[in-house]
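I have placed the structure first, in the form of structure tokens, so that the comments after it can refer back to it.
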Amino acid sequence: MKTNVWAVDKLVDKLESYPQIIQAADYLKNNEVIAFPTETVYGLGGNAENSDAVAKIFAAKGRPSDNPLIIHIAETSQLNDFVTEVPAKAASLMEHFWPGPLTIIFKKKEGKLSELATAGLSTVAVRMPNHPVALGLIKACGLPIAAPSANTSGKPSPTLARHVFEDLNGRIAGIVDGGPTGVGVESTVIDCTDEIPAILRPGGVTKEQIEAVIGEVSVDPALKNSEAAPKSPGMKYRHYAPDAPFYLVEGSHAFLQKLVDEKRREGRKVGVLTTAEAAGDYQADLVLACGRRGELETVATSLYETLRAFNDSEVEVIFSETFPEVGVGVAIMNRLSKAAGNQVIYEKS
Ligand code: TXA
Ligand code: MG
């Protein structure tokens, strides 16, 4: 299949009537799948009402079919078609964080959405992305759009159109290139079907921000304890993994450098994931600064691009610094821990 690439300037007014967007929307209406930018990562979209379209998403990514998709909308009125009720706390969250990187789980109204999109669950995950290209595309086709991240399953999510192209060229009908995404980690997923909402995946909106709006929320215990079964099916898979073995290192820069030196003495090519502040402290085959530690948002923005850059290099093992689990640091550490398959090396004190 030929994969079209449409470059679109996200600053253009009325994107829903822009020729490239209309072309991409026509593919969606014809039940083909199209990658597009959101403020978090690129998504791979398809008509959520049509099982042929949704099946193409799963096939292109190689995604397990028990892992449901997020339904993307551009107007809250679209919710009525496939959600039974909007609880008061969910309504407050929508008002504060939509459009934005927050996915809300509702009880599903039967009949409208493809069963494949929700993996047969009685609930449905919905978000309104805060990106003019995503919103323009959804408006132009007038459909709810099912969209997982537009990467091959297991790989780091794409934050540039180039990443999508590398993973999915020839497997999808097109890519709308709207430039780099921004937030860099996926949306926070919050289940609002219980009295106390529960965060199932940490992401672009922090727990602190959510609690400031609706009060106490819980966090799925599986996020802390790798033995427990996660409530969000996607969280059980190894994810975001670079090709080379990847280790988190809890300790000083000197300790991390010692680990690098040991591997290099064995003749291995070694990578280090650090930040701009400390990049000069390490000697390795590839030292990558992932944003600035003093501003964790910049680490989130660069995270997946950095993991992909290790894949494009010759390194055979990667050691990474850890980050404080506050604010967006929770999402960063969640993704890094998954990339590392939970392997952490601690400096003995
Ligand atoms: O930022 C994002 O959320 C990006 C962009 C493209 O919007 N999308 C994204 O989708 O990250 P995906 O498919 O990679 O992750 C969706 C997550 C998975 O962990 C999935 O299991 C969970 O949401 N999920 C979807 N529906 C669910 C449901 N009904 N109950 C629990 N978890 C659900
Ligand atoms: Mg994903």
Amide hydrogen neighbours beyond the local backbone of residue 287, cut-off 5 Å, H modeled
272
The answer for the per residue Cα convex hull volume of segment 152-292, in Å³, is 185 Å³
List the residues, sorted by chain then number, that are 5 or more residues from residue 83 or on another chain and whose placed amide H is less than 5 Å from its amide H.
109
Taking 1 over the mean of 1/r across every pair of different Cα atoms in segment 1-147, what Kirkwood radius in Å do you get?
15.3 Å
Magnitude of the charge dipole, the chain, Cβ model with Lys/Arg +1 and Asp/Glu -1, debye to 20:
600 debye
Using a 1.4 Å probe and ignoring any ligands, DNA or RNA, find the accessible area of residue 1 and quote it in Å² to the nearest 10.
130 Å²
Per q in 0.07, 0.09 Å⁻¹, report the Debye log10 I(q)/I(0) for the chain, using one uniform scatterer on each alpha carbon and no solvent.
-0.29, -0.48
Fraction of accessible area attributable to carbon and sulfur, the chain (%, probe 1.4 Å):
49 percent
Determine the alpha carbon to alpha carbon distance for each of 2/112; 10/56; 2/29; 61/263; 231/348; 155/224 and list only those over 24 Å.
2/112; 10/56; 61/263; 231/348
Across segment 246-346, what fraction of all alpha-carbon pairs, as a whole percent, falls in each successive 10 Å bin from zero upward?
16, 54, 28, 2
Quick one: Cα centre-to-centre distance for segment 253-290 and segment 113-143, in angstrom?
42 Å
For segment 248-349, what does the accessible surface come to per residue with a 1.4 Å probe? Please give it in Å².
46 Å²
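The values are calculated or read from the model by the stated rules, or taken from the named source; none is laboratory data. Since the model is a prediction, treat every value here as computed from it, not as a measurement. Positions of Cβ are generated from backbone atoms using ideal geometry, with glycine treated the same way; all protein chains shown enter the neighbour counts. We work out accessible area using only protein heavy atoms, side chains counted, and drop any ligands, DNA or RNA first. Shrake-Rupley method; radii C 1.70, N 1.55, O 1.52, S 1.80 Å.
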